[in-house]
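J.: This is the structure I have questions about; it appears just below.
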Amino acid sequence: MSWVTLLERFRRGDRLALSRLLSLLARGERSDEILGRLDPTPRGTRGSGSPARVVALTGGVGVGKSSLTGKLIEAVRPAGTGGPPGLSVAVLACDPQSPLSGGALLGDRFRMPSQPDDGVFIRSLATPGGQGALAEHLDHMIRLLEAFGFDLILVETVGAGQGDTSVRDLVDVVVLLLQPETGDDLQWEKAGVLEVADLIVVHKADLPGAANVEAQVRSMLALGGRDAPPVFRVSARTGAGIAELLDTLLAQPLRRKECDRADDLLRLARDTLTTRFSRARTAQDAELQGLLGRWQRGELSAAQAASELLRLLAQQQGSGVRDQGSAGGPSSLTPDS
Amino acid sequence: MPARFPGTTTDSHSRRPMTVPRPPRVVLAKVGLDGHDRGIKVVARALRDAGMEVIYAGLWQTPEAVVRAVADEDADWVGLSLLSGAHMTLVPRVLQLLRDAGLDHVGVLVGGIIPEDDVPQLLALGVARVFGPGTPLPEIVAFLNQHPLGGDAERCLG
């Protein structure tokens, strides 16, 4: 079955086609073709009729991102009591990929509701290190889920920590989870992820020490120059605070619609370069091999080699893409059934 | 259903596309009321270390939940672990639901305590392999690596 057929089925609301297309995008295959055929201004058709709201949940290892995600799903579904009923929700859950074997144990959906519900879609994503706690091509996958018509898209980052701020560019709302006993108040003075948070959750509020952490965070935020993000004490175990968190979360402005998308453009350019580079490398492109050789032998400095590489990859436009297309077989360029 | 996984693996391997770009994605789940998850966690770890993407769906899953996880995760394989004795009820149910959902291409493995007499029946129903206690982990890894795309060579590779 070709991606063209998949797209037709996708437009008819076929869940398996969505799943398969997500896999293609996750691997960076046919991304331009698929994304180019999506509705540029999708509206949530499965519930609210508004554009999708994309929310990231980030925070350290074991702070309860998956458990809270699970509770938020329950709260927005018709059976839930915590919010506007019947929002459809998709989850992209990132878990780390082994730097040694490339394998991954993806254990996030284990903590989320498992009974089949047509308004809930959960995909686990293996995430290489050094990517800012996000799986590759996450922005593409978000666009696909939007086009399918989900009202709420929850992105769970890898259990991360200080400095994983890149998620802010991709989503409307960043929720940072903290937990009791995470360190003294100096930890909150450090720059990084606390600065990009739109909402702060002191999670595991049923444990002792939650009030203390909340007080520390609040006092630190009070010193800041910008409007302090709201702080919630939440417990996925008892359900305390979930409804309040959800209300605020759904009332946040859709930041992605407001920004000028310049960052999107940069990201697209970066993705294009990455794709061209890996193609050239896989194809053992002679020019690239030569360049790498000269750099490894020390004939070029790293900076010289990098700008040489940019020039080389820029030249590959057109022919490179077209060659790749025909190499993919007859189904790759010609729409078929 | 004819056996899709003959004893020697070279046949089925050779008709697979040579462009397989990735290791298998495998959903592992405990179906039914059975709280023994040590074995499935050991298998999960072994597959992870062999470079596979393992989605651990965990304990007390219904057949419906397992099939939904397989669909949403676009998995190539699903591994079911049962130590409860309910395998002749639950495994056929999973197989039927996979077919109903249009997921015939997904391969099914079974592990746990399965009496020898039941193994041929499970294989006849469409289970690819039954890996009981004492199976060397490399044997499971090798089997999956020889059949990375589950039961189907016709999957869309883009």
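J.: Heavy atoms only, 1.4 Å probe, whole protein assembly: order A:LYS65, A:LYS204, B:LYS41 by accessible area, highest first.
T.: The residues order as B:LYS41, A:LYS204, A:LYS65, largest area first.
J.: OK, next. Net charge near B:ARG68: determine it from the other residues with C-beta under 13 Å of the C-beta of B:ARG68, scoring Lys and Arg +1 and Asp and Glu -1.
T.: Local charge sum for B:ARG68: -4.
J.: Where the only charges are on Cβ atoms (+1 Lys, Arg; -1 Asp, Glu), what is the dipole of the stretch B:54-158 about its Cα centre, to the nearest 20 debye?
T.: In debye, rounded to 20, the stretch B:54-158 gives about 100.
J.: Classify the stretch B:30-158 as rounded, prolate or oblate from the Cα gyration tensor: take a ≥ b ≥ c as the square roots of its eigenvalues, call it rounded if a/c is under 1.5, otherwise prolate when a/b beats b/c and oblate if not.
T.: Rounded, because the longest to shortest axis ratio a/c is under 1.5.
J.: Related question: Probe 1.4 Å, all protein chains in place: accessible area of B:PHE131 in Å², nearest 10?
T.: Answer for B:PHE131: close to 20 Å² accessible.
J.: Using the beta-carbon distance between A:THR282 and B:ASP49 and R0 = 41 Å, what value does 1/(1 + (r/R0)^6) give for FRET efficiency, to the nearest 0.05?
T.: 0.95
J.: Let me ask something additional. So what's the gap between the Cα centers of the stretch A:25-40 and the stretch B:37-115, to the nearest angstrom?
T.: 30
J.: Go through the stretch B:49-67 and flag every residue whose accessible area shrinks by 50 Å² or more with all protein chains in place compared to the isolated chain (probe 1.4 Å).
T.: B:GLU53, B:TYR56
J.: Another question, then. How big is the accessible area of A:ASP117 in square angstrom, nearest 10, if you roll a 1.4 angstrom probe over the protein chains?
T.: 50
J.: Hey, if we sort A:TRP295, B:TRP77, B:TRP60 by accessible area with the 1.4 Å probe, largest down, what's the order?
T.: Result of the area sort, largest leading: B:TRP60, A:TRP295, B:TRP77.
The values are calculated or read from the model by the stated rules, or taken from the named source; none is laboratory data. Given the structure is predicted, the values throughout are model-derived calculations rather than measurements. Cβ: placed from backbone, ideal geometry, glycine included. Neighbour counts: every protein chain shown. To get the accessible areas, we keep the full protein, side chains included, count just its heavy atoms, and leave off ligands, DNA and RNA. Shrake-Rupley method; radii C 1.70, N 1.55, O 1.52, S 1.80 Å.
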